[in-house]
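The values are calculated or read from the model by the stated rules, or taken from the named source; none is laboratory data. The structure displayed is predicted, hence computed values, not measured ones. Here the Cβ positions follow ideal geometry from the backbone for every residue, glycine too, while neighbour counts run over all protein chains shown. Surface areas here come from the heavy atoms of the whole protein model, side chains and all, with no ligands, DNA or RNA. Shrake-Rupley method; radii C 1.70, N 1.55, O 1.52, S 1.80 Å.
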Amino acid sequence: MILSRAKTKRSYIVNKITALEKDKRKLYKLGVFKKVKIYLVEKIAGGGVIVSVSGSDIIIGKKVAEKIEVSQC
Amino acid sequence: MLKCVIVGHPNAGKTTLFNTLTGKNATVGNWHGVTLKEETAKIKIGESNVEVIDLPGFYSLSCADEEEKITQNYLYSKKYDTIIFVVEAKKVKRAEKLILELKKLNKKTVVFVNAYSDFEKNGGKIDFNKMKNYFGVEVVFGNAFDKFHVGKLLQVLQNDKTTVFTNRKEEYFLPQQRKNKFQDIFLNKYFAFPVFIISMVFIFWLCFGKFSPISIISDAISRLFDYLLLNLLKKSFNMLLSPFLTGLIFDGICVGVISVLEFLPQICALSTCMNFLNQSGFFSRFSAVADDFLSKFGLSGRSLYSLICGFGCTAVAVSSLSGIENKKTKKRVALSLPLVSCSAKTPVYTFLCKELFNGYSFLIISVIYFASILFPLLHSYILNKCVLKGKVENYVSEIADMRIPAFKPLLKSLQKTAIGFIIKIGTVILLSSAFVWILKSVSFDFKFLNESQTEKSILCAVGKALSFVFKPIGISDWKYTVGAVVGLFAKEGVVSSLALLGADTKLLSFSSKLAFIVFCYAYTPCVTALAVYRREFGLKFSLICAVYWLIGGFLLSYLTYFILNL
């Protein structure tokens with residue numbers, strides 16, 4: 001499923017990221033990449049999400065969140 | 001001289017460590033991207049003199065974004081001896097790749113694991129011996145603001161002995177439980193927006209409300225200086241100095257300086273309160289919640305940091321724009337920043353509002369500050385539709401954890417604000433007050449004029465020649481024109497000039513006063529800010545900005561006057 005449509009307060013594994021190269025790079029640097037485990041903290045207005053990964057909270061805007069496919073742990 | 005660079009992820013505690021090591025007071029904040037350029041200081045470690053360099057945060061050596069290039073280039077230059085890598089304890093796993101990248105630079109590397117006590121309290125654990133052997137580097141843990149822990153770091157830096165590491169890749173890290181779920185409530189828009197509005201109104205009341213503690217202190221300072229300088233000392237020096245010198249020192253410099261100095265408590269309180277919200281992590285979280293709202297104006301949550309910096313100083317806010325990648329978005333925010341009311345304009349509003357709203361001036365000042373949030377957004381929206389069209393950046397960023405700010409960094413920041421303000425008063429305001437007083441006391445044939453002869457002065461002639469600009473808002477008094485001109489050098493100069501020229505704001509109508517406030521709010525930023533515009537965007541852009549907002553300030557004030565007189 002797409003991250004922006006996943007349920008909050010649950011953990012997911014990232015399966016695929018189809019975002020633009022520069023956004024993929026940003027995500028990678030922040031610890032979000034294929035096969036990593038993330039925790040969906042909150043959905044914010046406009047379709048963006050806050051995820052927790054490797055000890056940090058990351059905001060991912062709507063357009064990028066729609067390009068991340070995840071599956072529940 | 002040995003050189004030591006402090007590097008790490010954004011918001012890891014590098015600048016806090018730098019401040020503790022060096023005793024300096026570089027700006028810290030609980031936000032990613034506060035440090036935007038290198039800071040340098042010299043210390044003594046043992047017998048050696050060492051230069052310590054604090055660099056902006058970065059995530060990767062191999063693929064650096066625009067804001068990370070400064071650090072990347074510096075590290076690749078290899079013009080240093082030691083690397084101190086600062087990492088928050090709970091994020092050590094994420095930093096593994098970067099630590100190994102840094103090791104390949106073949107410089108002595110020490111890892112400082114920051115905020116370890118918090119990490120342990122939340123169930124996390126690091127086996128530091130295994131960690132040292134995993135990376136093959138020395139590791140120190142503690143809190144970046146604690147001198148004892150930083151002392152341990154200094155001992156490691158002093159140690160010249162080569163330590164042998166096993167380089168065994170054993171698991172050394174046990175993650176903590178997800179800390180402080182309470183902070184998640186600040187990501188809820190139905191909670192975050194009201195908290196933002198309520199906290200801002202409370203801050204404005206605290207700083208500007210008639211019976212607030214800060215206003216009482218400000219009033220007391222004003223009366224004390226009035227009594228000491230303008231009464232006691234003036235009477236004593238009257239007999240010893242010439243009328244010209246007595247007038248210059250007491251009626252010029254002292255009046256000008258005191259008129260601005262009395263706002264020191266309010267400036268410090270406003271700055272400390274904003275810093276408290278910043279250091280608590282609230283603004284960082286709020287930027288995530290506000291991202292969707294800001295996107296309607298062509299901005300992203302990243303822009304919020306620059307807008308909030310603008311409340312302190314426009315020059316600092318312009319410098320912070322380097323974190324915005326899109327050039328058109330950057331220019332849009334830059335052109336909108338003068339509409340964010342900087343702290344230097346606060347004395348102007350307070351001075352003009354005093355008689356206007358008799359104790360409820362904090363309501364008008366609150367309105368001005370909220371306008372300072374909305375008007376730049378509206379301005380950016382208009383620019384996005386017309387001349388500086390651009391895509392809204394996707395906001396992908398780390399957001400800070402919420403915490404109760406430590407007392408020491410807040411105190412240091414307060415100290416920095418107070419000293420900066422006093423230095424500005426002691427230089428720009430003092431000089432401008434002296435200059436204004438001399439010009440108002442001297443005629444064109446260089447004769448000294450007394451108080452009753454000001455109409456014959458050079459300043460009056462120049463002021464009257466330019467006073468037509470304020471006639472459309474019902475102000476024909478040349479003193480306001482002089483105030484506006486001095487305000488180009490420092491906004492507080494508007495207050496010092498009006499005070500020492502004896503401009504009686506009670507004589508102005510309500511609409512004229514409000515129109516003049518709007519002019520002071522919107523017109524050209526001070527020369528310091530324009531210099532930063534020039535540095536960041538070039539001379540052409542800075543001149544465009546200066547002229548744009550000069551015309552903009554006049555137009556907005558005329559419009560205000562026109563609407564109020566309908």
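Assorted remarks:
- Any hit, region B:169-191, residues being modelled with pLDDT under 80, open to solvent by 80 Å² or more (accessible area, probe 1.4 Å) and aromatic (Phe, Trp, Tyr): yes
- Pick from region B:506-551, criterion small (Gly, Ala, Ser) and part of a loop (DSSP other than H, G, I, E, B), ranking: surrounded by the fewest Cβ atoms within 10 Å (Cβ to Cβ): B:538
- Residues of region A:10-47 satisfying the condition of being assigned to a loop (DSSP other than H, G, I, E, B), modelled with pLDDT of 90 or more and either open to solvent by 30 Å² or more (accessible area, probe 1.4 Å) or charged (D, E, K, R) (or both): A:18, A:33, A:34, A:35
- Flag if residue B:237 is among the aromatic types (Phe, Trp, Tyr), open to solvent by 60 Å² or more (accessible area, probe 1.4 Å) and farther than 30 Å from residue B:301 by Cα: yes
- Pairing residues of region A:44-55 that are more than 7 Å from every other protein chain (Cβ to nearest Cβ) with residues that are β-branched (Val, Ile, Thr) and not in a strand (DSSP E or B), at Cβ distances under 8 Å and at least 6 apart in sequence or on separate chains, gives A:51/A:32; A:53/A:32; A:53/A:36.
- For region B:250-294, taking the residues that are of a type in the set (Ser, Thr, Tyr) and out of contact with any Phe, Trp or Tyr (no Cβ under 8 Å at 6 or more places or on another chain), the one that is nearest to residue B:321 (Cα to Cα) is identified as B:271.
- Enumeration of residues in region A:40-64 that are farther than 23 Å from residue B:191 by Cα and not hydroxyl-bearing (Ser, Thr, Tyr): A:53, A:55, A:63, A:64
- Checking each residue in region B:128-178 for being among the acidic types (Asp, Glu), in contact (Cβ under 8 Å) with a residue 12 or more places away in the chain and not in a strand (DSSP E or B) picks out B:146, B:170, B:171.
- Counting the residues of region B:304-314 that are in contact (Cβ under 8 Å) with a residue 60 or more places away in the chain and buried (at least 24 other Cβ atoms within 10 Å of the Cβ) gives 4.
- In this structure, residue B:66 does not satisfy being within 24 Å of residue B:130 (Cβ to Cβ) and open to solvent by 20 Å² or more (accessible area, probe 1.4 Å).
- Test: residue in region A:17-39 that is more than 9 Å from chain B (Cβ to nearest Cβ) and within 23 Å of residue B:190 (Cα to Cα): no
- Test: residue B:267 is open to solvent by less than 30 Å² (accessible area, probe 1.4 Å), within 27 Å of the chain's Cα centre (by Cα), at pLDDT 85 or above and closer than 19 Å to residue B:437 by Cα: no
- Residues (among the charged types (D, E, K, R) and within 18 Å of residue B:319 (Cβ to Cβ)) located in region B:535-563: B:535, B:536
- Filtered residue count, region A:48-73, keeping only those that are touching a helix residue (DSSP H, G or I) at 6+ places or on another chain (Cβ under 9 Å) and open to solvent by 10 Å² or more (accessible area, probe 1.4 Å): 7
- Criterion (touching a strand residue (DSSP E or B) at 6+ places or on another chain (Cβ under 9 Å) and farther than 30 Å from residue B:117 by Cα) met by exactly one of B:442, B:469, B:392, B:485: B:442
- When B:468, B:435 are checked against the criterion of being farther than 24 Å from residue B:248 by Cβ, open to solvent by 10 Å² or more (accessible area, probe 1.4 Å), aromatic (Phe, Trp, Tyr) and modelled with pLDDT of 90 or more, B:468 stands alone in meeting it.
- Matching residues, region B:236-264, being under 32 Å from the mean Cα position of the chain (by Cα) and outside any helix (DSSP H, G or I): B:262, B:263
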